[in-house]
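Please read the structure below before turning to the comments.
No value in this document is a laboratory result; all are computed from the given coordinates. What you are looking at is a predicted structure, and each value in this text was computed from that prediction instead of being measured. Because the Cβ atoms are built from the backbone with ideal geometry, glycine has one as well, and the counts that use them run over all protein chains shown.
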Amino acid sequence: MRFLLFIVLAISAIWAGDYKLKYWKAGESFGEYLTKHKIDSTKFYSQIAPDDVKFLSSIMSKSPFFENSENGKLKEALIPIGEQMQIYISKMGDDYKFDIIPLKYKVVKDRVTIKIENNCFIDIKKATNNPHIATYLKRVFKDKLNFKKLRKGDIVSIEYEQKSIEGLPWDEPKIEAAYIKRGDSEYFAIKEGEGYKIYSNKESSETKVVTSSTSAKYQAFRYPLRKIRITSKFTYKRWHPILHRYRPHLGIDFGAKRGEPIYAISSGKVIYSGWMRGYGKVIKIDHGNGVVSLYAHQSKLLAKVGQRVKTHQIIGKIGTTGRSTGPHLHLGVYKRGRPVNPANYLNHIVKINDGVTIKKSVKIVHNLRKELPFRAKIVYNSLKKENSNSYRWKNLDSTVKIVIQKREDKHARVKLRTTKGDA
């Protein structure tokens, strides 16, 4: 038994660090971040596998990350590059090491009800210590309710989910339902699909002119090859066949023969055509409305920067350039800079915007509460309790203690966990 314990201690080391929450500076490159901390970027990049370099460009502007410093010098940094993985920088002697490790967080389900004393934003932040909730609540109601008109004594009730790392609110909150009472007027919002259904009950019954979205625009997306053979799907955690480690795979791989034509999945403008380390020969197409597609490992590029291409137009040929085990196409799709699953677009007609708005007359009635759908009634009956206990988030300026466990096994994997539950 003692021998077994000795073996376990010999192959693993555990240490904890005090981390501060930071936000990635807008427009800052990973190289600039290293230079700011007086880290030799040339030496640091030399240890990174070519297939991992592409993840350095996945860091989003103003996205949160953690730093552990001592006497002004960087000791460690944890920088998310997706929902499940993060870059790990650690100081080892005079050098800095690079790895990609799992991102561990909890999901807190919370409900808060407040009676306004000052204003909606100040009071919600005071009740939860979470500065994001009120901002996203305003987005839920959009032009249906002017938050500047909320006064002392009005009621606001919210049910939401929030990712949490050691008690700090992490990433964007997801509001499931909300209720606002302004004077005698009541407003209800309940999540439906990607949006919200808004109900309201005004003080008087009257006919009003309101705006309504119509003529929504749609865009068709097709497959990038004639014969479809998927060899690797989109995932935030995949066992890499070359590196023998878990890595995000932020796209779909299609097996094909060298030289087979590659087609644009939809119409758009070519914004990149050239070499990209790890990806080899690459073409990127901007399809508008924040959607960009990426075609990697090509043997020949047949589209130039600035060129307009049509749906299913040939833009290149299958190859094995860059970090690749054989001829194939890696297809990535990005929505406003964030990687998304291409399967949600391929062979689909996707709604890209709500089109123009028109005006129409509607009747606002007194007894809308009675006409609410059954599920909405259940939600708002439970939300209206003013004595709900909300989760108290830690101050964003406070430090959090994160435990790092480094295993000295065959692949020197690093495992991240928190010291205690935070929900």
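For K227, the lysines whose Cα falls under 17 Å of its own Cα, not counting residues fewer than eight places away in the same chain, are K257, K317.
With 30 Å as the limit on Cα-Cα distance, the pairs of K104/K191; K20/K149; K233/K300 that go past it are K20/K149. Magnitude of the charge dipole for the range 219-353, about its Cα centre and with charges confined to Cβ atoms of Lys, Arg (+1) and Asp, Glu (-1), is about 100 debye.
Here the peptides 318-326, 163-171 are ranked by packing, the mean other Cβ count within 10 Å, and the order with the highest first is 163-171, 318-326.
Each Lys and Arg adds +1 at its Cβ and each Asp and Glu adds -1 at its Cβ; summed about the Cα centre, the range 138-178 shows a dipole of about 500 debye.
Suppose the Debye formula is applied to equal point scatterers at every Cα of the range 283-359; what is log10 I(q)/I(0) at q = 0.27 Å⁻¹? After summing over all Cα pairs, the log10 values are -1.39.
Quick one: which of K174/K384; K25/K138; K109/K370 span more than 21 angstrom between C-alpha atoms? Violating the 21 Å limit, Cα to Cα: K25/K138; K109/K370. Close amide H pairs (under 5 Å, H built 1.01 Å from N) link H348 with F221, residues at least 5 positions away or on another chain. Computed over the range 92-145, the quotient of the alpha carbon radius of gyration and 2.2 N^0.38 Å is 1.89. Within the set K73/K335; K106/K284; K115/K163, which residue pairs have Cα atoms separated by over 28 Å? Cα-Cα > 28 Å for K73/K335; K106/K284; rest within. Based on alpha carbons, the Rg and Dmax found for the range 219-353 are 13.7, 41 Å.
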